[in-house]
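Take a look at the structure below.
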Amino acid sequence: MNIIGRFGLPSASGAPATGLHLSPSGLAGQGTGWLGGVAMLADSVLRGMGQVMFQNNSYAGLLFLLGIAVNSPLFAAAALAGTVTSTLAALLLGADRQMVRAGLFGFNGALVGIALLYFLAPNPLTWLCVILAASCATVLMAAMMTLFRGWDLPVLTAPFVLVALSFFMATARFGRIEASGLLPTAGLPVKAGPQGVVTAASLGQGALEGIGQVFFQGHMVSSAIFGAGLLIASRRAFVMAVAGTLTGLLIAWAMGASEVSMRAGAFGFNSVLTAIALGAVFLPPGPRATIYAIFGAAVTPFVAAAAAATMGTFGLPAMTLPFVLTSWVLLLAAQSLPGLTAPAAVRR
C-alpha cells in the first residue's frame, strides 16, 4: 500500500510535483506526486509535534522538536519516531485525512516516544516498544474519540498516559524491558514538608521550566524555545501558558511544595496544558474563559499532588494525568454553565 499516496495526488506526467505553498501555519494546498506526498507527511508530523501544546502549526512543531534536541538529541529522536509512527498508523488504518493533516493523530505518539526513552533504558528493545506503543496510541485515540463523542469531550493526552503506564507496568513481568531508574519508588505516601529556600531565581526558573516539562525537558533554553514556538503560533496560547505555569508555581509555593520540585517545573506543566486548553482552545475566548482557565490552572496542582501520591504507591509517574482529569471535569461543567459553552469543533 502506498501510504505516501494518501497525501499526494499523482501528476499527469508522473514526475514529482507539488501544488503546495507556505501559509501562516505551515504547508497548505494539495500535494501532487510523491514529492508532494512526502512534503505533506512531513508537515503533518510537525503539526503533530505542535499539537502537544494544541498548535496546528508546523513551524511551532519544528521549534518544539528543536527545543527538545537542544537538551537531548535522544529524546528528540524518540519524539520524532513516535510522531511519525502514530501518523503513519493513522494513515494505514484510514483515519480521517483532515485530522491526520492537523496532527491530531501525532501528538500522543510524540509524548509516548519521549516517555518510554525517559523512564526505560534506551536499548534496541525499548525503541521497538516506542514503535508499538505509538501505534497503540493511534488506535486508542480513535477508540476514545468514538467513546467520548456522546459526551462532547476531547480525548486530550489520555492515550499517551494509558499506553505509557501500560508499558511501565509491564516491566514487572517482562524481564527484558529495563527501567531507567527514573520511575518513582513504590511505597505508601509520605507526608512532605516545605524543603529548601524559595528564591526569586528558583521561581523564575520554575516558571520557565513549567513550559519545558510538557516535553519532559528540564532545560531553560529548551523551555524558551517552546515558548517561542507557542508565541509564533498563537499569542493567546502563549499568554495562557505563561499564566498557567505561574499559577501552578504560586499555588505549589503557597501550599508548601519543595523548592526542588518547584524549580524543576514539576507543578507547572500540567497547569500550562490546562490553561491553554480552557483559555485558548475549547472555550470561546473572553474574560470568563480566561478566569475559568486560571481557576483550572490553580486546581491542577492539587490534582497533580494527589495523582503523584496515588500513582507513586505503584511506582508509576502521573505525567499529564492531572491535566486530563481536570480539563475533562471543567469542560463537562462548562456545558451547563452559561457563557462557557464550547464551540462546535473537531475535538482531539
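The values are calculated or read from the model by the stated rules, or taken from the named source; none is laboratory data. Just so you know, these numbers come straight off a predicted model, no measurement behind them. Reconstructed Cβ throughout: ideal geometry from the backbone, glycine too, with neighbour counts over all protein chains shown. Each accessible area value is taken on the protein alone, full model and side chains, heavy atoms only, with ligands, DNA and RNA left out. Shrake-Rupley method; radii C 1.70, N 1.55, O 1.52, S 1.80 Å.
Quick rundown of the values:
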item: Where a residue in segment 201-224 is at positive phi and its partner, wherever it lies, is open to solvent by 30 Å² or more (accessible area, probe 1.4 Å) and of a type outside the set (G, A, S), with Cβ under 6 Å and at least six apart; result: F216/Y118
item: Which listed residue, of G29, G61, is over 21 Å from A115 (Cα atoms) and either without any contact (Cβ under 8 Å) to a residue 60 or more places away in the chain or surrounded by 24 or more Cβ atoms within 10 Å (Cβ to Cβ) (or both); result: G29
item: Enumeration of residues in segment 167-194 that are at pLDDT below 75 and surrounded by 12 or more Cβ atoms within 10 Å (Cβ to Cβ); result: P189, A192, P194
item: Segment 132-154, subset surrounded by fewer than 23 Cβ atoms within 10 Å (Cβ to Cβ) and in contact with a Lys or Arg (Cβ under 9 Å, 6 or more places away or on another chain), residue nearest to G109 (Cα to Cα); result: M145
item: Pairs, first more than 30 Å from L332 (Cβ to Cβ) in segment 126-150, second of a type in the set (S, T, Y) and open to solvent by less than 50 Å² (accessible area, probe 1.4 Å), C-beta under 8 Å, six or more apart; result: V130/T85; I131/T85
item: Test: residue in segment 229-237 that is in contact (Cβ under 8 Å) with a residue 24 or more places away in the chain and closer than 23 Å to P73 by Cα; result: yes
item: Candidates G286, G265, filtered to the one that is at positive phi and open to solvent by 10 Å² or more (accessible area, probe 1.4 Å); result: G286
item: Elements of type helices (runs of 4 or more DSSP H) in segment 243-348, at least 3 residues being modelled with pLDDT of 95 or more and not β-branched (V, I, T); result: 269-276, 287-312, 321-334
item: Any chance F160 is closer than 26 Å to I294 by Cα and assigned to a helix (DSSP H, G or I); result: yes
item: Neighbours by Cβ (under 6 Å, 6+ apart or cross-chain): first from segment 84-108, touching a residue at least 24 places away in the same chain (Cβ under 8 Å) and assigned to a loop (DSSP other than H, G, I, E, B); second open to solvent by 10 Å² or more (accessible area, probe 1.4 Å) and among the small types (G, A, S); result: F105/A95
item: S72 under 20 Å from I211 (Cβ atoms), at pLDDT 95 or above and of a type in the set (S, T, Y); result: yes
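Conditions tested, residue by residue: (1) open to solvent by less than 10 Å² (accessible area, probe 1.4 Å); (2) closer than 21 Å to F160 by Cα.
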{"position": "L35", "(1), (2)": "no, no"}
{"position": "A42", "(1), (2)": "no, no"}
{"position": "G48", "(1), (2)": "yes, yes"}
{"position": "F54", "(1), (2)": "no, yes"}
{"position": "L65", "(1), (2)": "no, yes"}
{"position": "N71", "(1), (2)": "no, no"}
{"position": "L80", "(1), (2)": "no, yes"}
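Residues checked against (1) of a type in the set (S, T, N, Q); (2) under 16 Å from G103 (Cα atoms):
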{"residue": "T32", "(1), (2)": "yes, no"}
{"residue": "G37", "(1), (2)": "no, yes"}
{"residue": "S44", "(1), (2)": "yes, yes"}
{"residue": "N56", "(1), (2)": "yes, yes"}
